[in-house]
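Chemist: Take a look at the following structure, please.
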Amino acid sequence: MKMKKLLSLMLVSAALATGCASAEVSSDVDTDEADVQTIVIDTIETDEADAPAAAPVPVTEDAVTTEYADTEETVSASQEEKTVFPAGTWMLYEVTALDELIPIGYCFTNDDGRSGENWLFEDGSGYQFEYEIGINEIRVAVDGQDVIVPVAGGDLSYVMLDIPDCGRVNMVHFSDGTKADIPEFYSNEQLGLMAQQYYTILNEYTPSCVGTQSNADGTVTIQLYDSFEDHNSTSAWYTVDRWSTVGTDDIMGEEINLLHVLLQEE
């Protein structure tokens, strides 16, 4: 559950990493009038009698309007950057201790700049979330609970998050399409069950245990085995693509297609 909540954080963090939350303008100046007069007296060395009178600077309505308009435009643009992020699909990656990127799911960010949805490759679960941008962090609400995740760096298309107790997760924006354009995939759990059924069809035996591991190239390695008190007995190792289920029998060195064999048995 923690990973589920924390992964959702990743969405909009890009703006935080590029300093988009810098549009705060302070106009509070507590300057005492006496102090101002003292500063003026101390810094003017010209004799007052010899100093020429300064010509007044005319202030026109146009000048005031222009100056105010420029300031307002600058602040508004900066404020807009804080909430406008690239909508579309992101790939979520776990960063290993060896800096290897392992795909772990999809994230879709809506064009409202404050909500999205995640789908995880491990079990296929999907959930919606809302987020609020802070300074170098994002607050994400999942299932009515808030989680704060620091942003480690990145830009508007590549976001790096430091998730407590889980490590580094990176987000890469790769599509501006809609949720309907997200490729369908098989979760690790689904692929494990499919591999178990595939082995049973070919060998008339069903190994009791299944283990899966996501790989950096988008494939999933599946181990079918039986567990005993002092050892495990492996029946098969398969490595398959999570989108097509096509892959390799790693022990026999042969090409396999899990879905094709299962459909033939129906």
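Chemist: Which residues, counting only those in the range 139-162, are of a type in the set (Ser, Thr, Tyr) and either assigned to a strand (DSSP E or B) or without any contact (Cβ under 8 Å) to a residue 40 or more places away in the chain (or both)?
Modeler: If the condition is that a residue be of a type in the set (Ser, Thr, Tyr) and either assigned to a strand (DSSP E or B) or without any contact (Cβ under 8 Å) to a residue 40 or more places away in the chain (or both), then 158 is the only one that fits.
Chemist: Has the range 115-133 got any residue that is touching a residue at least 12 places away in the same chain (Cβ under 8 Å), over 16 Å from residue 214 (Cβ atoms), in a loop (DSSP other than H, G, I, E, B) and not assigned by TED's automatic domain parsing to the domain that holds residue 215?
Modeler: Checking the range 115-133: not a single residue is touching a residue at least 12 places away in the same chain (Cβ under 8 Å), over 16 Å from residue 214 (Cβ atoms), in a loop (DSSP other than H, G, I, E, B) and not assigned by TED's automatic domain parsing to the domain that holds residue 215.
Chemist: Right, here's the next one. So if I check each of 73, 132, 117, 67, which one is in contact with a strand residue (DSSP E or B) (Cβ under 6 Å, 6 or more places away or on another chain) and at pLDDT below 90?
Modeler: Selected residue: 132, the only one of 73, 132, 117, 67 that is in contact with a strand residue (DSSP E or B) (Cβ under 6 Å, 6 or more places away or on another chain) and at pLDDT below 90.
Chemist: Could you grab the pairs with beta carbons closer than 9 Å, sequence gap of 6+ or different chains, first residue in the range 242-266 and farther than 13 Å from residue 221 by Cβ, second one exposed (fewer than 10 other Cβ atoms within 10 Å of the Cβ)?
Modeler: 243/183; 243/184; 246/255
Chemist: Please go through the range 228-248 and give me each residue that is under 25 Å from residue 263 (Cα atoms) and either part of a loop (DSSP other than H, G, I, E, B) or within 34 Å of the chain's Cα centre (by Cα) (or both), ordered by number.
Modeler: 237, 238, 239, 240, 241, 242, 243, 244, 245, 246, 247, 248
Chemist: Filter the range 186-227 down to the residues that are part of a loop (DSSP other than H, G, I, E, B), of a type outside the set (A, V, I, L, M) and surrounded by fewer than 19 Cβ atoms within 10 Å (Cβ to Cβ) and list them by number.
Modeler: Passing the criteria: 204, 205, 206, 208, 215, 217, 218.
Chemist: What single numbered condition from (1) at pLDDT 95 or above; (2) more than 19 Å from residue 104 (Cβ to Cβ) fails to hold for residue 212?
Modeler: Result: residue 212 passes all but (2).
Chemist: Let me ask another. Go through (1) closer than 18 Å to residue 106 by Cβ; (2) in contact with a strand residue (DSSP E or B) (Cβ under 6 Å, 6 or more places away or on another chain); (3) at pLDDT 85 or above and name the single condition residue 141 misses.
Modeler: (1)
Chemist: Okay, next question. Among the residues of the range 173-192, write down those that are of a type in the set (Gly, Ala, Ser) and over 18 Å from the mean Cα position of the chain (by Cα).
Modeler: Scanning the range 173-192 gives 180, 187, 192.
Chemist: Now, a different point. Tell me whether the range 151-167 contains one or more residues that are over 29 Å from residue 242 (Cα atoms) and in contact with a Leu (Cβ under 9 Å, 6 or more places away or on another chain).
Modeler: Checked against the condition, which is being over 29 Å from residue 242 (Cα atoms) and in contact with a Leu (Cβ under 9 Å, 6 or more places away or on another chain), the range 151-167 yields at least one hit.
Chemist: State which residue is farthest from residue 245 (Cα to Cα) when the search covers only the range 191-231 and only residues that are among the β-branched types (Val, Ile, Thr) and free of Cβ contacts under 8 Å to residues at least 12 places away in the same chain.
Modeler: Checking each candidate, the answer is 206.
The values are calculated or read from the model by the stated rules, or taken from the named source; none is laboratory data. Computed from a predicted model, the values in this text were never measured in an experiment. Note that we place each Cβ from the backbone using ideal geometry, even for glycine, and neighbour counts take in every protein chain shown.
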